[in-house]
Amino acid sequence: MKIVVAPLHEVQAAIRDWRPSHLISLGSPGSTLPDIQGIEHLSLTFHDIVAPRAGLRPVTADQVATLLDFARGWSGQAPLLIHCWAGVSRSPAAAYVIACRVAGPGAAVELARRLRVRAPFATPNIRLVALADEQLGAKGAMRRAIRDIGRGAETSMGATFALDTIS
């Protein structure tokens, strides 16, 4: 099972190259997200912040539940594509939590390690990870694994990468 992560400007190429069956679009409130036909598609909007701030909307527990529920409908026969604006924080976090849902919380450390190898620039949104950790009953394992890989390399824009799940 393969999860592909891309920044918004590489989504069309990722669809052409990877032929995903499912697409998750993560954007900021008010942003324009792609309307892709022929692919199961979920769009969620929240700001890329890790703690509440005046005037901004962080990811919510309900949005994480929606994300995990949508991923349950993915068979894994074709890739799942996830994108956000830069492919650095929200989409790597979403890919990681979905991979952990597939593999189980015992795989949190190995999946975080794989994420760091495939995307040295990624700094997964820890709020999204923490909410999923709680919902998946991982008892902090996912949150600790992401904290332990540390902040990614400084960048303004990520690049498309694939994360293989453990099944």
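Observations on the structure shown:
- Of all residues in the stretch 36-51, those being open to solvent by less than 60 Å² (accessible area, probe 1.4 Å), modelled with pLDDT of 95 or more and over 18 Å from Ile3 (Cβ atoms) number 4.
- In the stretch 125-138, residue farthest from Ile49 (Cα to Cα) [restricted to those that are outside any helix (DSSP H, G or I) and open to solvent by less than 40 Å² (accessible area, probe 1.4 Å)]: Ala138
- Tally of residues being touching a strand residue (DSSP E or B) at 6+ places or on another chain (Cβ under 7 Å) and open to solvent by less than 10 Å² (accessible area, probe 1.4 Å) across the stretch 90-100: 6
- Checking each residue in the stretch 144-167 for being open to solvent by less than 40 Å² (accessible area, probe 1.4 Å), touching a residue at least 40 places away in the same chain (Cβ under 8 Å) and not in a helix (DSSP H, G or I) picks out Gly152, Gly158, Phe161, Ala162, Leu163, Thr165.
- Just one of the listed residues (Ala122, Ala141, Ala107, Ala103) is within 17 Å of Val50 (Cβ to Cβ), in contact (Cβ under 8 Å) with a residue 12 or more places away in the chain and crowded, with 16+ Cβ neighbours inside 10 Å, and it is Ala122.
- All conditions but one from (1) in contact with a helix residue (DSSP H, G or I) (Cβ under 7 Å, 6 or more places away or on another chain); (2) part of a helix (DSSP H, G or I) apply to Val102; the one that does not is (1).
- Output for the stretch 67-84, where each listed residue is outside any helix (DSSP H, G or I) and among the hydrophobic types (A, V, I, L, M, F, W, C): Trp74, Ala78, Leu80, Leu81, Ile82, Cys84
- So Gly87, is it more than 18 Å from Ala132 (Cβ to Cβ), in a loop (DSSP other than H, G, I, E, B), of a type outside the set (Phe, Trp, Tyr) and without any contact (Cβ under 8 Å) to a residue 24 or more places away in the chain: no
- With respect to the conditions (1) in contact with a strand residue (DSSP E or B) (Cβ under 6 Å, 6 or more places away or on another chain); (2) open to solvent by 10 Å² or more (accessible area, probe 1.4 Å), His9 falls short on a single one, namely (1).
- Screening Gly87 against (1) open to solvent by less than 50 Å² (accessible area, probe 1.4 Å); (2) within 24 Å of Ser28 (Cβ to Cβ); (3) touching a helix residue (DSSP H, G or I) at 6+ places or on another chain (Cβ under 7 Å) leaves a single unmet condition, (3).
- The residues of the stretch 34-48 that are over 14 Å from the mean Cα position of the chain (by Cα) and among the hydrophobic types (A, V, I, L, M, F, W, C), listed by number, are Ile36, Ile39.
- Checked against (1) surrounded by 19 or more Cβ atoms within 10 Å (Cβ to Cβ); (2) within 21 Å of Met157 (Cβ to Cβ), Asp17 passes all but condition (1).
- Scanning the stretch 52-66 for residues that are part of a loop (DSSP other than H, G, I, E, B), open to solvent by 50 Å² or more (accessible area, probe 1.4 Å) and not charged (D, E, K, R) yields Pro52, Ala54, Gly55, Leu56, Thr60.
The values are calculated or read from the model by the stated rules, or taken from the named source; none is laboratory data. No experiment lies behind these values; they were computed from the predicted model shown. Counting neighbours? That spans all protein chains shown, and the Cβs are built from the backbone with ideal geometry, glycine included. Surface accessibility is based on the protein's heavy atoms, side chains included, excluding ligands, DNA and RNA. Shrake-Rupley method; radii C 1.70, N 1.55, O 1.52, S 1.80 Å.
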